[in-house]
1. Rounded to two decimals, what is Rg over Rh for region 149-272 when you use alpha-carbon atoms and the Kirkwood radius?
2. Find the Rg to Rh ratio for region 229-269, where Rh is the Kirkwood radius over alpha-carbon pairs and Rg uses the same atoms.
3. Go ahead and run the numbers for FRET between residue 52 and residue 95, Cβ-Cβ distance against an R0 of 45 Å, rounding to 0.05.
4. Helix 237-257 against the longest principal axis of the chain: what's the angle in degrees, Cα atoms only, rounded to the nearest 10?
5. Taking every pair of Cα atoms in region 3-133, average 1/r, invert it to obtain the Kirkwood radius, and report Rg/Rh to two decimals.
6. Give me the dipole magnitude in Debye, nearest 20, for the chain about the Cα centre, with unit charges on the beta carbon: positive for Lys and Arg, negative for Asp and Glu.
7. Take residue 102 and residue 206, extend 7 Å from each Cα along the Cα→Cβ direction, and tell me the distance between the two endpoints in nm.
8. State the percentage of accessible surface on the chain attributable to carbon and sulfur atoms; use a 1.4 Å probe and exclude ligands, DNA and RNA.
Amino acid sequence: MKLSDLRETQKELISIVFENSDFKALTDFLFFSYLGARICYASSHPLALFSEEKFKNFEAFKSFLLHLKKLEHYSVFAHTPVFVDTANIKDTHKLLLAQVYFKVFWDEVNQQALFNLRHLAENLSDEAFAKVIETPPDLSGIKITYFRKQDLLYKGSLLDFTYQILEKNPDNLFTEPEIIIIQQEKPYPFNWIGVITHNFSRIFSHQFVRHTWLNFNQRSHRYTEVDKFVVPGVFKPTHVEIYKQVIQQSMGYYKEFMKEVKKESARFLVPQGVATTLLATGPQFVWEDFINKRAIPQAQEEIRNLAYILKDYLFS
């Protein structure tokens with residue numbers, strides 16, 4: 001199949017998805033797409049993104065998402081699930097939909113399918129898509145669980161979160177990993193879950209994004225400056241001191257290079273321990289698959305610790 005033929009078939013079939021989708025549910029999940037987009041370009045803490053004026057002003061929020069659609073930055077829309085009632089969809093159409101749409105999950109017993117907003121963003125006109133996202137996001141049912149290292153710092157409503165507990169050491173060279181689990185307390189099929197990994201290394205992220213059933217967006221060092229680094233737990237004080245010297249030297253060159261070249265080129269000088277932030281989203285059974293593969297002794301330290309925390313919290 002040619003790409004052009006695939007795209008044409010997707011556009012022909014999108015009306016079936018559209019007609020059977022629960023668009024009322026979008027208000028409870030649309031914020032994930034904003035979060036995915038802003039994490040790419042923001043140096044601030046990911047939870048601080050909910051306080052941005054662009055998020056709080058719905059017209060600005062909607063314009064931002066429509067702008068991303070026009071730029072064809074479709075990956076951010078995959079973070080928002082779209083629940084499709086399959087009861088009235090013919091088996092022949094189900095087969096076609098399963099053939100041409102990437103990352104769709106089917107529950108024939110309960111007559112539900114899990115699409116995502118990317119499928120609609122790629123195949124609807126700008127005008128039709130604008131009508132789909134015309135309702136402001138509702139955060140009233142959003143629960144977050146916030147860890148720094150292994151310590152649970154907060155568990156409760158996002159709307160009641162106290163921002164004073166966020167890390168306030170902007171000048172520190174080394175930082176500590178944070179995990180933010182985001183869940184919708186209202187009952188929905190497939191149990192969609194978002195996880196933010198903040199201040200994890202790019203060594204970690206290279207492994208994390210291999211779990212392709214999940215959807216990812218990551219802080220970009222094309223657009224944001226390198227600022228923090230992660231210290232492996234196995235490093236002794238002498239190791240940390242050498243590591244610090246390497247970082248300081250490379251960061252000196254990094255800042256000099258940025259006077260002549262773009263950040264995306266200067267970052268070649270930066271050690272792999274540079275801290276980054278990712279948003280990953282997916283249904284609960286996909287997170288179970290991730291945990292089965294990474295909550296094992298031989299996994300890399302950061303990704304193993306993440307898997308153990310998710311296992312204890314989501315499946316204990």
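The values are calculated or read from the model by the stated rules, or taken from the named source; none is laboratory data. Note that this is a predicted model, so its numbers are computed, not measured. FYI the Cβ positions are ideal-geometry reconstructions off the backbone, even for glycines, and counts take in every protein chain you see. We work out accessible area using only protein heavy atoms, side chains counted, and drop any ligands, DNA or RNA first. Shrake-Rupley method; radii C 1.70, N 1.55, O 1.52, S 1.80 Å.
1. My calculation puts Rg/Rh at 1.02.
2. Here the Rg-to-Rh quotient is 1.11.
3. Between residue 52 and residue 95 the formula returns 0.55.
4. It works out to around 70 degrees.
5. Over the Cα atoms of region 3-133, Rg/Rh equals 1.00.
6. Charge dipole of the chain: 800 debye, to the nearest 20.
7. 2.2 nm
8. Using a 1.4 Å probe with all protein chains present, the chain comes out at 52 percent carbon and sulfur.
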